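Peer 1: One structure is given below, represented as structure tokens, and several questions about it will come after.
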Amino acid sequence: MLLQPAPVLFEHLQDGLGIGVAEPRLSWTLPVGAHTQDGYEIELVRNGRVHRTGRVDSSDHVLVPWPGAPLASRELAAVRVRIWSGAAEPSGWSPPALVEVGLLEATDWIAVPVGGDWPEDPDADRRPARVRRDFALATPVAHARLYVTAHGLYEAEINGRRVGDETLAPGWTVYRERLRYRTYDVTGHLAPGANTIGAWLGDGWYRGLFGFDGGTRNIYGTDQALIAQLEITHTDGSTTVVATDHSWNAAPGPILTSGLYEGEAFDARLDDARWSQPRNEPDPAWTPVATGIRDPRSLVAPQGPPVRCTQDVPPVTVTRKDDGRHLLDFGQNLVGRLRITVDGPAGTVITLRHAEVLQDGELATAPLRGAHARDTYILAGGGPRTWEPRFTLHGFRYAEVTGWPGELADGAVTARVHHTDMRRTGWFECSDPLVNRLHENVLWSMRGNFVDIPTDCPARDERLGWTGDLQVFAPTAAFLYDCAGMLDSWLTDVGVEQLPDGTVPWYVPVIPGNDIWTPIQPGAAWGDVAALTPWLLYERYGDLGLLRRHYHAGRAWVDLIERLAGPDRLWDTGFQLGDWLDPVAPPDDPAAGRTDRYLIATAYFARSARHLARSAQALGDAEAAERYGALADEIGAAFRRQYVLGDGRMTSDSPTAYAVALGFRLLDDPLGRRQAGDRLAALVVEGGARIPTGFVGTPLICDALTDTGHLDVAYRLLLQTECPSWLYPVTQGATTIWERWDSLRPDGSLNPGGMTSFNHYALGAVADWLHRVVGGIAAAEPGYRAISFRPRPGGGITWANTRHETPHGSAGIGWQLTPEGMTAEVTVPSGCTATVELPGCVQVSLGAGTHYLDSSDLTRSGTLTKQAVSCEAG
Ligand code: BGC
């Protein structure tokens, strides 16, 4: 008999506890030894009753519809699956996976927001509160759940023990409409008799100082409050509910101030370590809470993983300055915060400052603009204490520690890396160490900026969900990490923030911008996230439900641009960012690139219309597919009329113009494509193979060159080390992707532009080309059901290993050049088909399994026959 499949997963979650859908879809990977699936059977155990589907003849095993009646709030089900693969006998049953629904109905909630009830100045820093409540349990506990969220940020504790391990919970959504709660199993936190539940509160995005030009306070409200509902089921079947209400108490805590940009100040002398434990006497410092209002219909369960600490990084050097300060270098630009363990006299003030780069041996804080990134800890005395700020994160490689009592011993200060704890799914490595470091930098920039929402940068006073940045980076992101759940959630907010006329914001959630960003107005490449990214996620994860959920937003976007463009189909009006950060744009005007902004706008209009047609097709809306397909054709024709000249040159004779025309397939005839490709290659070579593109052209240029016979030029661009190029920052010691090609200039000075981050993933979008073209793995059908392995080596790279955990399982290709050509080891996940095309060889089809191919002797593989394959050249 076959081995058993791994436990099923629900939706895009790693853990089925607190799921927010009544009919969660199920995914499983096939057991070892099963290359295909002919059928499956699912078993649900609900309330002691067993329900089996019986054998279902289907090869589907990703996001399979829930096979029973919808689950109700709080309902628990155990799910197992077994499969048939080629034989009459099924596999063993998978180990049972538990799914438990959260609170689906507004009427499930009785908790109301509770916070401190003392006067506060809404225009100044406010000292965060802690809230708590004692309660007694007369009967033993069978199980207990805590459903919890906040206006602001929270960390809950029960009986002195922290609940969960999330950072910056509940994350950032458009709080007005959607506030995420999380469900915890807190059975083990409770004890018979006296119990206490409490929470730390922080301002966060809800009411903290956030945004442009000094920031705005109270973006969502002036209150700071916990919303918690502890539901206990006792062994005798009775229940107890402890929900936030007027019976809770609040007191100012030891956090003096806390802000995402500013950092946190903590006075350990004010801390009472037993604050969340039962006490015998009432404490007069704790006063009754103020209660607030929250529409429970806006409380939603998470669709993806939370932000967590995922790694501890020790300093690589600690330098003591003459004046007693310590400068720490962690060797890696990261996002997180410091954990310190310190002992010293009460009242000693330790200050921690952070920066991404140094200048003249000191922290370079100018790029942080208004973000002070400063944490302060005041010692309580009485022995060593360990502390890490709670409600802030910083982007830094370097930290300065002031006021440290005595020597700073090894292990006393550690950088802790925090980001959305997505499952890693993509790896790439090749024979060129600089390219490997570039790839590593892309990975770190993703980690640093996938912090509940996809942000532009993590250090300065911005950290916003810029739609254009994500739109260009999504193909890379979806390879490196499983970001389906996180981006599904964020795209929901994109839809929420979209104006009724279809306008998509520059960044989501929307906060007050200076006059440029709000009121929002439509901009190409940024707004196109609504039409392009759901399709991209569908391609990578095969989730039709996700595509359907966001289809309306994409459609409203394309319809809007259709109206703006008018009958000539040219989008040539309004404010546009163009090829943002084209290297020739002056530091203070990054939109002033060499490519006509309206050329880019019309190209994106065509691209989105085309993708909408594809989405409509996939969703079975044939009429819309035809309508948007025809629209895309018309825009393409208008684009050529307006922007392509008789000799194949374009009105903007710029690399980005050719890259978009080619990448978006706007040049319909082979001659036009060849001319454009040749011109693009010539321009790149004329420019000394330095990168000539900004946000728009950069993700496209290598593919445009590859597809038009100029792979060698694409490799010259990739391997260039002179500024501007992808590898220039690597040669300067960069450990993340920079916002500007020359964030640090060749003369060692910082770019003087007001916008100079060292951790910005957008220009790292080239990694998608690394994975698909250098490595050689691409999805040929949605969800990698069919995979194309088509490595195209060049640039002196002699080997590459690329692996991707597809929704079906692990796909990989490792190739190396040989004197005769290339050998490759290709792994096709179970349930998938693949084609392999080594350079100069015809395409061969492969099934699941691991295959060894040799371009000079493809028959060497046990799975390939001479008749099935042939190879033209070595
Ligand atoms: C951000 C970008 C963003 C841009 C839009 C910047 O401040 O950091 O990445 O897309 O503004 O203009």
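The values are calculated or read from the model by the stated rules, or taken from the named source; none is laboratory data. The shown structure was predicted, so the numbers you read here are calculated from the model rather than taken from an experiment. Neighbour counts are summed over all protein chains in view; Cβ atoms, including those assigned to glycine, are modelled from backbone coordinates with ideal geometry.
Peer 1: Out of region 619-653, which residues are part of a strand (DSSP E or B) and acidic (D, E)?
Peer 2: Matches in region 619-653: none.
Peer 1: Something else now. In this structure, is S725 over 30 Å from V8 (Cβ atoms), within 16 Å of the ligand (Cβ to nearest atom) and under 27 Å from the mean Cα position of the chain (by Cα)? Working first, answer last.
Peer 2: Working: over 30 Å from V8 (Cβ atoms): yes; within 16 Å of the ligand (Cβ to nearest atom): no; under 27 Å from the mean Cα position of the chain (by Cα): yes.
No, not satisfied.
Peer 1: Return a yes/no flag: does region 122-143 have any residue that is in contact (Cβ under 8 Å) with a residue 12 or more places away in the chain, over 21 Å from E264 (Cα atoms), in contact with a Phe, Trp or Tyr (Cβ under 8 Å, 6 or more places away or on another chain) and among the hydroxyl-bearing types (S, T, Y).
Peer 2: Looking through region 122-143, none of the residues is in contact (Cβ under 8 Å) with a residue 12 or more places away in the chain, over 21 Å from E264 (Cα atoms), in contact with a Phe, Trp or Tyr (Cβ under 8 Å, 6 or more places away or on another chain) and among the hydroxyl-bearing types (S, T, Y).
Peer 1: Can you pull out every residue in region 232-255 that is part of a loop (DSSP other than H, G, I, E, B) and farther than 20 Å from Y154 by Cα?
Peer 2: Across region 232-255, the qualifying residues are T235, D236, G237, S238.
Peer 1: Let me ask something else about it. Hey, can you tell me all the residues within region 707-723 that are in contact (Cβ under 8 Å) with a residue 60 or more places away in the chain and either of a type in the set (D, E) or buried (at least 21 other Cβ atoms within 10 Å of the Cβ) (or both)?
Peer 2: D712, A714, Y715, L718
Peer 1: Another question about this same structure. So, of the residues in region 563-597 that are of a type in the set (A, V, I, L, M) and part of a helix (DSSP H, G or I), which turns out to be nearest to the ligand (Cβ to nearest atom)?
Peer 2: Here the answer is L564.
Peer 1: Filter region 573-583 down to the residues that are free of Cβ contacts under 8 Å to residues at least 60 places away in the same chain and surrounded by fewer than 22 Cβ atoms within 10 Å (Cβ to Cβ), then identify the one that is nearest to M755 (Cα to Cα).
Peer 2: F575
Peer 1: Right, something else. Restricting to region 504-516, and then to whatever is within 14 Å of the ligand (Cβ to nearest atom) and at pLDDT 95 or above, can you tell me which residue is farthest from D559 (Cα to Cα)?
Peer 2: Quick first cut of region 504-516, residues within 14 Å of the ligand (Cβ to nearest atom) only: 504-508, 510-511, 513-516.
So of that shortlist, the ones also at pLDDT 95 or above come out as 504-508, 510-511.
Numbers: V504: 12, P505: 16, W506: 18, Y507: 20, V508: 20, V510: 22, I511: 25 Å.
Checked region 504-516; the qualifying residue farthest from D559 (Cα to Cα) is I511.
Peer 1: Restricted to region 400-424, and to residues that are assigned to a loop (DSSP other than H, G, I, E, B) and within 24 Å of the chain's Cα centre (by Cα), which residue is nearest to I350 (Cα to Cα)?
Peer 2: D421
Peer 1: Could you tell me how many of the residues in region 752-784 are buried (at least 20 other Cβ atoms within 10 Å of the Cβ) and within 18 Å of P590 (Cα to Cα)?
Peer 2: Count: 9.
Peer 1: Among the numbered conditions (1) more than 25 Å from the chain's Cα centre (by Cα); (2) part of a helix (DSSP H, G or I); (3) away from the ligand (no atom under 16 Å from the Cβ); (4) over 13 Å from E634 (Cα atoms), tell me where I600 comes up short.
Peer 2: (3)
Peer 1: Pairs, please: C-beta under 8 Å, at least 6 apart or cross-chain, first residue farther than 17 Å from P655 by Cβ and in region 591-603, second of a type in the set (A, V, I, L, M) and more than 14 Å from the ligand (Cβ to nearest atom)?
Peer 2: Filtered contacts from region 591-603: Y598/L570; T602/A565; T602/L570; T602/I635; T602/A638.
Peer 1: I'd like the full set of residues that are within 16 Å of the ligand (Cβ to nearest atom), without any contact (Cβ under 8 Å) to a residue 60 or more places away in the chain and within 29 Å of L368 (Cβ to Cβ), limited to region 481-503.
Peer 2: Answer for region 481-503, where residues must be within 16 Å of the ligand (Cβ to nearest atom), without any contact (Cβ under 8 Å) to a residue 60 or more places away in the chain and within 29 Å of L368 (Cβ to Cβ): W490, V494.
Peer 1: Going by the structure shown, is Y551 crowded, with 16+ Cβ neighbours inside 10 Å, among the hydroxyl-bearing types (S, T, Y), within 16 Å of the ligand (Cβ to nearest atom) and part of a helix (DSSP H, G or I)?
Peer 2: Values: crowded, with 16+ Cβ neighbours inside 10 Å: yes; among the hydroxyl-bearing types (S, T, Y): yes; within 16 Å of the ligand (Cβ to nearest atom): no; part of a helix (DSSP H, G or I): yes.
In short, no.
Peer 1: Residue by residue through region 428-480, note down the ones that are away from the ligand (no atom under 12 Å from the Cβ), of a type in the set (V, I, T) and assigned to a helix (DSSP H, G or I).
Peer 2: V435, V442, T476 - these are the residues of region 428-480 that are away from the ligand (no atom under 12 Å from the Cβ), of a type in the set (V, I, T) and assigned to a helix (DSSP H, G or I).
Peer 1: Is there any pair with a first residue in region 760-781 that is on the phi > 0 side of the Ramachandran plot and a second that is among the hydroxyl-bearing types (S, T, Y) and not in a helix (DSSP H, G or I) whose Cβ atoms are under 9 Å apart and which are 6 or more apart or on different chains, and what are they?
Peer 2: Qualifying pairs under 9 Å: G776/S788; G776/T802.
Peer 1: Kindly evaluate T167 against the criterion of being surrounded by fewer than 19 Cβ atoms within 10 Å (Cβ to Cβ) and either in a loop (DSSP other than H, G, I, E, B) or over 33 Å from the mean Cα position of the chain (by Cα) (or both).
Peer 2: no
Peer 1: Does at least one position in region 134-151 carry a residue that is assigned to a loop (DSSP other than H, G, I, E, B), hydrophobic (A, V, I, L, M, F, W, C) and buried (at least 17 other Cβ atoms within 10 Å of the Cβ)?
Peer 2: In the first step, residues of region 134-151 are kept if they are assigned to a loop (DSSP other than H, G, I, E, B); the result is 138-140.
Still in the running and hydrophobic (A, V, I, L, M, F, W, C): 138.
Pick out the ones that are also buried (at least 17 other Cβ atoms within 10 Å of the Cβ) and you get none.
Taking every residue of region 134-151 in turn, none turns out to be assigned to a loop (DSSP other than H, G, I, E, B), hydrophobic (A, V, I, L, M, F, W, C) and buried (at least 17 other Cβ atoms within 10 Å of the Cβ).
Peer 1: Considering each residue of region 653-676, count those that are over 21 Å from S608 (Cα atoms) and out of contact with any Gly (no Cβ under 9 Å at 6 or more places or on another chain), and give that number.
Peer 2: So the answer is 2.
Peer 1: (1) away from the ligand (no atom under 16 Å from the Cβ); (2) of a type in the set (K, R); (3) in a loop (DSSP other than H, G, I, E, B): which one isn't true of R740, the others all being true?
Peer 2: Tallying (1) away from the ligand (no atom under 16 Å from the Cβ); (2) of a type in the set (K, R); (3) in a loop (DSSP other than H, G, I, E, B), R740 fails exactly one: (1).
Peer 1: Filter region 756-775 for residues that are polar (S, T, N, Q) and away from the ligand (no atom under 16 Å from the Cβ) and give the result.
Peer 2: Correct list: empty.
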